[in-house]
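In what follows, a single structure is set out as structure tokens and then discussed.
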Amino acid sequence: MPHRSSDSPSRFPLLRNRLKERLAARELSLCLRVTMAATTDLAFLARAAGFDALYVDLEHSTASLADAAALGATATALGITPLVRVASVEDDAAGRLLDAGCQGIIAPHVESAEQAGLLVERCLFPPLGRRSSCGSARLLDYQDVPPAELAERLTSSALLCVMLESEAAVSAAGEIAAVPGIDLVLVGTQDLTAGLGIPGRVDDPAVVRMYEQVAAATAAAGTAFGVAGVTDPAVLARYVEMGAVFVSAGTDADLLRAAATARVEQLRASLRP
């Protein structure tokens, strides 16, 4: 069952989005990127490994909405916040994924406050957004919750994240971070470096300056910011020192390959005749 607080006066307790709480408290949070979402066992593995959240990547995988919803429901029951990266900010699947039990949406390639506002429109109920009423909600066990209360609870538990992945997006970071309803600004470092003509150079001085710009903009807006596309712990530490509190900490396929490779190398070395 979904994790909920027990101090609400309502007979329908407030939903808890643990990642949203951690980000609001500026606690460092680690997230697993999921591209192989065919099994809900990944949620159990993520919890066992100590991740705070996971996100199903619908931009760069063939996972279905049903895959994302099933994994999201399992993760929520385990106390791990499930997010979904949709294909674009215009993707109309965002609201359906939230209806189905996911607790947050990541929108890639956001370049302006207008685009960030579109995400809010699609994902939050009035007055902040224009999300259509779902009638009942998986996150509330499909209980018969009054419409106003349903909207309040689902809006308060939804986490909205925008990704900045270009020089133009970074330049607009202040306006984007200030959009009401946006909880997290995430720097997509790989696409950012590719656009700058320095693919993969995640600690290039130009990239560091852009991180500094995002850190200042989000601090001024009171919005959390995070890092994606960086694996080097030393580089990550530098950006966390700037104020990043969310880290996309690894991809299921990459982590599996690395662990499997290390194991094979270890055994070939130790079992050599």
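Once you've got the GNM for the chain with C-alpha springs shorter than 10 Å, pick whichever of 224, 87, 258 has the biggest mean-square fluctuation. Among 224, 87, 258, the largest mean-square fluctuation in the Gaussian network model of the chain belongs to 258.
The stretch between residue 28 and residue 78, if pulled fully straight at 0.36 nm per residue, gains 16.1 nm over its current Cα-Cα span.
Stretched out straight at 0.36 nm per residue, the stretch from residue 265 to residue 64 would grow longer than its current Cα-Cα span by 68.9 nm. The convex hull defined by the C-alpha atoms of region 19-270 has an orientation-averaged projected area of 14.0 nm². For residue 159, the residues whose amide H sits under 5 Å from its own are 104, 105, ignoring neighbours fewer than 5 places away on the same chain, with H placed 1.01 Å from N.
Restricting to DSSP H runs of at least four residues, report the calculated mean residue ellipticity at 222 nm for the chain, -39500 (n - 2.57) per run over all residues, nearest 500 deg cm²/dmol. Walk me through the intermediate numbers first.
Numbers: 12 runs with 121 residues, N = 273.
So the helix-based figure for the chain works out to -13000 deg cm²/dmol.
Among 48, 38, 100, the residue with the largest mean-square fluctuation in a Gaussian network model of the chain, with springs joining Cα atoms closer than 10 Å, is 48. Projecting the Cα atoms of 62, 45, 145 onto the charge dipole of region 19-270 (Cβ charges, centred on the Cα centre) puts 45 farthest toward the positive pole. Remark: region 200-215, residue by residue, has Karplus-estimated 3J(HN,Hα) of x, 8, 6, 10, 4, x, 5, 6, 4, 4, 5, 4, 4, 5, 5, 4 Hz, where x stands for each Gly or Pro and the curve is 6.51 cos²θ - 1.76 cosθ + 1.60 at θ = phi - 60°.
Across the chain, the longest run free of exposed loop sites, meaning trypsin sites (Lys or Arg not before Pro) lying outside DSSP classes H, G, I, E and B with no more than 14 other Cβ atoms within 10 Å, spans 27-129. A cut-off of 5 Å between modelled amide H atoms, ignoring neighbours fewer than 5 places along the same chain, links residue 187 with 164, 226, 227, 228.
Along the chain, counting only GluC sites (Glu not before Pro) with a DSSP assignment other than H, G, I, E or B and at most 14 other Cβ atoms inside a 10 Å radius, the longest segment between sites is 91-273. Taking amide H as placed 1.01 Å from N in the peptide plane, the amide H of residue 109 sits under 5 Å from that of 163, 165, each at least 5 places away or on another chain.
Summarising the label geometry, the points placed 7 Å from Cα in the beta-carbon direction at residue 38 and residue 175 lie 4.4 nm from one another.
For the chain, modelled as a Gaussian network with Cα springs under 10 Å, which listed residue fluctuates most, 195, 243, 104? Checking each option, the largest mean-square fluctuation is seen for 195. Remark: region 62-75, residue by residue, has Karplus-estimated 3J(HN,Hα) of 9, 4, 9, 4, 5, 4, 5, 5, 5, 5, x, 4, 5, 4 Hz, where x stands for each Gly or Pro and the curve is 6.51 cos²θ - 1.76 cosθ + 1.60 at θ = phi - 60°. Taking θ as phi - 60° and the Karplus parameters 6.51, -1.76 and 1.60, the scalar couplings of region 108-114 work out to x, 6, 7, 10, 8, 5, 4 Hz in sequence order, x denoting glycine and proline.
No lab work stands behind these numbers, since they all come straight from the coordinates. Small disclaimer: the values here were computed from a predicted structure and weren't measured. Cβ coordinates were reconstructed from backbone atoms using ideal geometry, including for glycine residues, and neighbour counts include every protein chain displayed.
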